[in-house]
Amino acid sequence: MTPLLLTDALRPLNVTLGAVRRRNGFNAVHGLADPLVLADTAGWTPAGALLDGSALPALLDTAVQRWGAAPHAAATLAWKSYTYWLAMPAVLSWAVARRVPLVDADRVSVRFGGGPGAALVQVGLRRPHVAVLPDDPLAHVNVPGITVVPDETLLLKTLRTSLLDAHLDPLSERIRRDVKVGRRTLLGSVASGIAYAVLRSAHALHGSAADTAGTLLDALDLADLVDIGMDETGRPTVHRRTCCLAFTLPQPKVCSGCCLR
């Protein structure tokens with residue numbers, strides 16, 4: 001994909017991320033590389049090294065050091081952070097432009113830690129590839145890096161294949177070999193992360209953010225893991241049906257949507 005075409009493909013996503021940053025502050029997007037597509041991967045680790053286990057200790061150790069967490073809680077909280085930042089660009093790009101940047105493991109790089117205020121894990125794209133619909137202007141540009149899928153259903157299936165089948169499902173299996181934590185607990189964090197990413201970007205979306213989040217969760221078979229409701233002011237809320245174990249930290253936290261509340 002040429003640099004110009006890549007800029008065109010991700011422009012709606014980048015505009016949305018900029019709006020989220022301006023409204024909610026730098027921390028709202030600090031787990032994503034800026035720019036999202038990495039021109040230089042020096043200092044970054046291919047996400048495939050998490051799946052094969054070689055880089056997984058570095059991620060989990062970062063969580064232990066940051067929170068003083070027990071191994072199973074560190075794994076769950078590291079996963080929660082990682083899956084949030086990994087899913088965000090894919091689901092927001094779908095929401096605002098019906099374009100899906102693929103996030104399978106061989107197209108993503110990561111780095112861990114950083115100074116005070118830094119995200120636990122940061123995600124960037126390498127070898128970017130974007131799936132679009134037939135009525136997208138990019139569908140008529142015959143260059144590598146653009147895949148045209150016939151309809152909305154298959155576009156969402158492409159998102160699912162890239163995010164879950166080719167990345168998070170095998171990573172979940174890898175984590176659960178080493179740490180006693182349930183698959184449903186881990187998937188609960190994926191579901192809540194997607195819901196929060198969409199709802200926190202509501203001001204930049206067309207239509208109902210709650211409906212958009214619901215469509216995504218249905219397509220990913222994650223809808224039974226969270227409830228999206230309304231608070232007393234009419235603002236959408238997310239309530240988890242599983243726990244991320246933050247309450248087990250030396251300084252316990254109970255998240256706003258925790259099932260323990």
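The values are calculated or read from the model by the stated rules, or taken from the named source; none is laboratory data. Note that the structure is predicted; figures quoted are calculated from it, not measured. Here the Cβ positions follow ideal geometry from the backbone for every residue, glycine too, while neighbour counts run over all protein chains shown.
Some observations on this one:
- The one condition in (1) modelled with pLDDT under 90; (2) farther than 29 Å from I175 by Cβ that N27 fails to fulfil: (2)
- Checking the stated criteria, R111 turns out not to satisfy the condition of being of a type in the set (K, R) and touching a helix residue (DSSP H, G or I) at 6+ places or on another chain (Cβ under 9 Å).
- Residues that are at pLDDT below 85 and within 13 Å of the chain's Cα centre (by Cα) within the stretch 64-97 are absent altogether.
- Tabulated pairs, the stretch 14-38, first free of Cβ contacts under 8 Å to residues at least 12 places away in the same chain, second in a strand (DSSP E or B) and small (G, A, S), C-beta under 9 angstrom, 6+ apart or interchain: D34/G124
- Whether a residue is surrounded by 15 or more Cβ atoms within 10 Å (Cβ to Cβ) and at pLDDT 75 or above was assessed, and L245 does not pass this test.
- If the condition is being among the polar types (S, T, N, Q) and at pLDDT below 95, then the stretch 145-179 contributes only T147.
- Total residues in the stretch 37-83 satisfying the condition of being aromatic (F, W, Y) and crowded, with 22+ Cβ neighbours inside 10 Å: the figure is 2.
- Counting the residues of the stretch 139-167 that are more than 24 Å from the chain's Cα centre (by Cα) and assigned to a helix (DSSP H, G or I) gives 2.
- The set of residues from the stretch 209-242 being surrounded by 13 or more Cβ atoms within 10 Å (Cβ to Cβ) and either at pLDDT below 60 or among the hydroxyl-bearing types (S, T, Y) (or both) comprises T212, T215, T237, T242.
- Restricting R127, R184 to those that are surrounded by fewer than 18 Cβ atoms within 10 Å (Cβ to Cβ) and in contact with a helix residue (DSSP H, G or I) (Cβ under 6 Å, 6 or more places away or on another chain) reduces the list to R127.
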